[in-house]
1. What number of residues within segment 37-57 satisfy the criterion of being open to solvent by 70 Å² or more (accessible area, probe 1.4 Å) and not in a strand (DSSP E or B)?
2. Scan segment 165-188 and report the pairs whose first residue is in contact (Cβ under 8 Å) with a residue 24 or more places away in the chain and whose second residue is among the basic types (Lys, Arg) and open to solvent by 80 Å² or more (accessible area, probe 1.4 Å), with Cβ atoms within less than 9 Å and a gap of 6+ or a chain change.
3. Scan 142, 165 and give me the residue that is farther than 25 Å from residue 38 by Cα and at pLDDT 90 or above.
4. Determine whether residue 134 is open to solvent by 30 Å² or more (accessible area, probe 1.4 Å), in a strand (DSSP E or B), at pLDDT 75 or above and out of contact with any Ser or Thr (no Cβ under 8 Å at 6 or more places or on another chain).
5. If you check every pair at least six apart or on different chains, which have Cβ atoms under 6 Å apart with a residue in segment 6-30 that is at pLDDT 60 or above first and a residue that is of a type outside the set (Gly, Ala, Ser) and not in a loop (DSSP other than H, G, I, E, B) second?
6. Going by the conditions given, is residue 65 over 14 Å from the mean Cα position of the chain (by Cα) and crowded, with 17+ Cβ neighbours inside 10 Å?
7. Out of 79, 58, 85, report the one residue that is out of contact with any strand residue (DSSP E or B) (no Cβ under 8 Å at 6 or more places or on another chain) and under 26 Å from residue 181 (Cβ atoms).
8. Out of the residues in segment 173-187 that are in contact with a strand residue (DSSP E or B) (Cβ under 9 Å, 6 or more places away or on another chain) and of a type outside the set (Val, Ile, Thr), state the one that is farthest from residue 115 (Cα to Cα).
Amino acid sequence: GAGGAAEGGAPAGGESRRRLKLLFEQEERGPVTALAAMQGMLLCAVGQKISIWKAERGELRPAGFHYAGFTASCAATLGNYALLGDACRGLQLVAWSKEKKCFEARSQRRDAASAFACEMTLDEADPNPANGLRVFLADAGRNLRIYSYSRQDAESRSGTVLLPRAAFHLGAVANHFLRLSLPPRGAPPAFHLGA
């Protein structure tokens, strides 16, 4: 049968013990186009509306929202920052304010191509997000673009514009990034491949 199911509809190969359990569900007025975890909450993009949900007393409760002004096709988070990729063009960096229960616009890049995937990292030389945030964008042109967020760089107009740092043609579409922590430079590897 389809999907690895054995005769009678039961999954083949002992997969019957691996089941997903529905914890929460929420009706929305359109398709969910991006999801990301943010400080123990769920960031959800439905078209132009970016919502943040908190799990309380066995149900999802809204904690805040933001209208991005574009259809968010991808989202990435780092601390209280959220990076939103535009389905048509551009990126927007917003910061979650717990006190105000809303997102505040920090920076953007409107001339970038359609965002297929986005991610953020901190520069190890400057771990302050206000100065050392690096932004990665995989676009429709099969390119990997790298931008920086810095409030101190004069070109960034006090941080309101993401600054281009590099671009690479990948030759293939990238639709996801995976952020990994690597050991510090010069540190011995944590594992080795043995015979």
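1. Going through segment 37-57, the residues open to solvent by 70 Å² or more (accessible area, probe 1.4 Å) turn out to be 37, 39-40, 48-49, 54, 57.
Still in the running and not in a strand (DSSP E or B): 39-40, 48, 57.
The qualifying residues number 4.
2. 169/142; 170/142; 171/142; 172/142; 173/142; 174/142
3. Values: 165 fails: at pLDDT 90 or above.
Step by step, each of 142, 165 is checked, and only 142 is farther than 25 Å from residue 38 by Cα and at pLDDT 90 or above.
4. On the way: open to solvent by 30 Å² or more (accessible area, probe 1.4 Å): yes; in a strand (DSSP E or B): yes; at pLDDT 75 or above: yes; out of contact with any Ser or Thr (no Cβ under 8 Å at 6 or more places or on another chain): no.
No.
5. What qualifies is 24/60; 26/60; 28/46; 30/46.
6. On the way: over 14 Å from the mean Cα position of the chain (by Cα): yes; crowded, with 17+ Cβ neighbours inside 10 Å: no.
For residue 65, the condition - over 14 Å from the mean Cα position of the chain (by Cα) and crowded, with 17+ Cβ neighbours inside 10 Å - is not met.
7. Result: 79 is the single residue among 79, 58, 85 that is out of contact with any strand residue (DSSP E or B) (no Cβ under 8 Å at 6 or more places or on another chain) and under 26 Å from residue 181 (Cβ atoms).
8. So the residue we want is 179.
The values are calculated or read from the model by the stated rules, or taken from the named source; none is laboratory data. Note that the structure is predicted; figures quoted are calculated from it, not measured. Please note: Cβ atoms are built from the backbone with ideal geometry, for glycine as well, and neighbour counts cover all protein chains shown. These area figures cover heavy atoms from the full protein model, side chains too; ligands, DNA and RNA do not enter into them. Shrake-Rupley method; radii C 1.70, N 1.55, O 1.52, S 1.80 Å.
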